[in-house]
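Have a look at the structure below before the remarks.
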Amino acid sequence: MITGPLKSKIDKLWLEFFAGGITNPLTVIEQISFLMFARLLDVQETRREKMTAKTGKSGAALMFPEDRQHLRWSHFRNESGDRMIAIVRDELFPFFREEVGKRTALGKYLEGAQCLIPKASLMVTAVNLIEELPLTQGDVKGDLYEYMLGKLTTAGIAGQFRTPRHIIAAMVQMLDPKPTEIVGDPACGTAGFLVETMLYLLKKYTSPKMVYADDEGEKHYPGDLLEPHRDHIQNRMFNGFDFDSTMLRIAAMNLLLHDIESPCINYQDTLSNSFVEKYPSEAEDYFDVILANPPFKGNIDGDSVHASLRSKVKTTKTELLFIALIVRMLKMGGRAAVIVPDGVVFGSSNAHTGIRQMLVDENQLEAVISLPSGVFKPYAGVSTAILVFTKGGRTDNVWFYKVERDGYSLDDKRNQLPADQNDLPDLVEKWAKRDAKKKSDRSAQHFFVPVKEIRDNNYDLSVNRYREITHKEIDHITPKQLIIELTNLEKEIKQGLEELEGLLK
């Protein structure tokens, strides 16, 4: 979440664009995104230069040739307004389209990239304000985009809310993707799951001696042990689909800035008939890992949904159709972690029951993780859960975990809390150590439930259905003893008042 001074800077930048004549909110977001991308591209280039100097190896190729150094953010931001806007409009944006687009998967998203900032004064203001943003800290750029998206009157209508980074990280750690696997997200948005997967691999596959800290003390993991898998990682591993072109542009930029130069990011409604027609390989039995937080608000036209999904679940609800889609997209033995609204885990309609039955009886449902209702605030207060499952196999026991605290306040402010008020590290740790053979304590935060009990409860997957609530017995004093204590207290008060009155005489 962004609050305080950072929020004020974005508001100011937004107003500057409106005052400069750019009044379409989507255009504002797009132009700010391009400038953020220009700055982060320069940051990435600097890191590559430092890595080359440190290791003596070239590593990832540098983006800016010698004769294009003036196009780097750190160079043109020091120019005069007229010179700055000329460089950005007449040289940097063509460089994006013609060079960055050719060398990366961004080509189809940068083809129409244009600088629409009309005045030098607005360009200077925008560049100066973006220079002040802490874009290199954590996932601030994602938070900024989420905040800007919240300014759109249409934001959230299709259930599009950016998944908090710490929730994504826990899901990635639980699935433990391997560098040889193919990872997908059928509703990728800004590619948060794909980016976090890459960060996870870099951290896990970096030799201890190769870890280094930058000037700000932040550790970096070059992923030297991933070298045998570079071609697969760059060209086949990461796959995302979405039907929002702005989201896809941000997704492609985001992945490029995390050294994934050729991700498979495609404009596509994955629930529609055209998905199977355009991407027959990816649409069925293709992915080893799927991580997703698909849109879960509203219904779609049933006629546009592919028959293979409608045969599994007769509904037009997107949250149920996406589960059937993800099962279809996984190869046998592939695994998924998917965020769903709570209605999916306990809804009583035939469609809700049917999708849960499919997960339990035709696949291996491994875990149901209940999340606090405030994790998507201030944009939505919906209660959600994470379903973890493997395609095929057999469900014998399902592991339940109730996350009560995620490290942030559960109100609209979402302020960060002390580390001991975060259940997510414990979730990941307990997941790795889970053992269905051990007796489960149903009053604990996590426990196993045998599949027969789930079937007997009409496939209800809500944690509260199976969790036992223990009530602590409290000893109360008797009414007689209470009267004695009140009488003694009254005597003490009276005595104190008499002493105080004596001092005043």
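Numbers below:
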| item | result |
| --- | --- |
| Any chance LEU325 is touching a residue at least 40 places away in the same chain (Cβ under 8 Å), closer than 15 Å to ILE182 by Cβ and buried (at least 23 other Cβ atoms within 10 Å of the Cβ) | no |
| Residue among LEU226, LEU248 that is closer than 15 Å to GLY184 by Cβ and modelled with pLDDT of 80 or more | LEU248 |
| Candidates ARG236, ARG230 - the one that is surrounded by fewer than 19 Cβ atoms within 10 Å (Cβ to Cβ) and without any contact (Cβ under 8 Å) to a residue 40 or more places away in the chain | ARG230 |
| Subset of segment 239-267 (residues that are in a loop (DSSP other than H, G, I, E, B) and closer than 18 Å to GLU30 by Cβ) | PHE243, ASP244, LEU257 |
| Helices (runs of 4 or more DSSP H) wholly inside segment 1-102 that include at least 3 residues being modelled with pLDDT under 85 and under 28 Å from the mean Cα position of the chain (by Cα) | 4-19, 25-55 |
| Enumeration of residues in segment 416-436 that are surrounded by 11 or more Cβ atoms within 10 Å (Cβ to Cβ) and in a loop (DSSP other than H, G, I, E, B) | LEU417, ASP423, ARG434, ALA436 |
| Unmet requirement for ASN415, which otherwise passes all of (1) free of Cβ contacts under 8 Å to residues at least 60 places away in the same chain; (2) more than 23 Å from ASN464 (Cβ to Cβ) | (1) |
| Scope segment 332-360; condition within 20 Å of ARG310 (Cα to Cα), in a helix (DSSP H, G or I) and not β-branched (Val, Ile, Thr); matching residues | GLY343, ASN350, ALA351, HIS352, GLY354, ARG356, GLN357, MET358, LEU359 |
| Check on ARG356, on the phi < 0 side of the Ramachandran plot, buried (at least 22 other Cβ atoms within 10 Å of the Cβ) and basic (Lys, Arg) | yes |
| Only listed residue being among the small types (Gly, Ala, Ser) and crowded, with 18+ Cβ neighbours inside 10 Å, chosen from ALA307, ALA251 | ALA251 |
| Checklist (1) of a type in the set (A, V, I, L, M); (2) crowded, with 21+ Cβ neighbours inside 10 Å; (3) farther than 27 Å from GLU319 by Cα; (4) modelled with pLDDT under 75 applied to VAL127, failing item | (4) |
| Of residues in segment 268-296 being of a type outside the set (D, E, K, R) and assigned to a helix (DSSP H, G or I), the one surrounded by the most Cβ atoms within 10 Å (Cβ to Cβ) | PHE275 |
| Search result, residues across segment 311-342 that are over 10 Å from PRO294 (Cα atoms) and either in contact with a Gly (Cβ under 7 Å, 6 or more places away or on another chain) or not assigned by TED's automatic domain parsing to the domain that holds PHE296 (or both) | VAL313, THR316, MET329, MET332, GLY333 |
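The values are calculated or read from the model by the stated rules, or taken from the named source; none is laboratory data. Small disclaimer: the values here were computed from a predicted structure and weren't measured. Backbone-built Cβ (ideal geometry, glycine too); neighbour counts: all protein chains shown.
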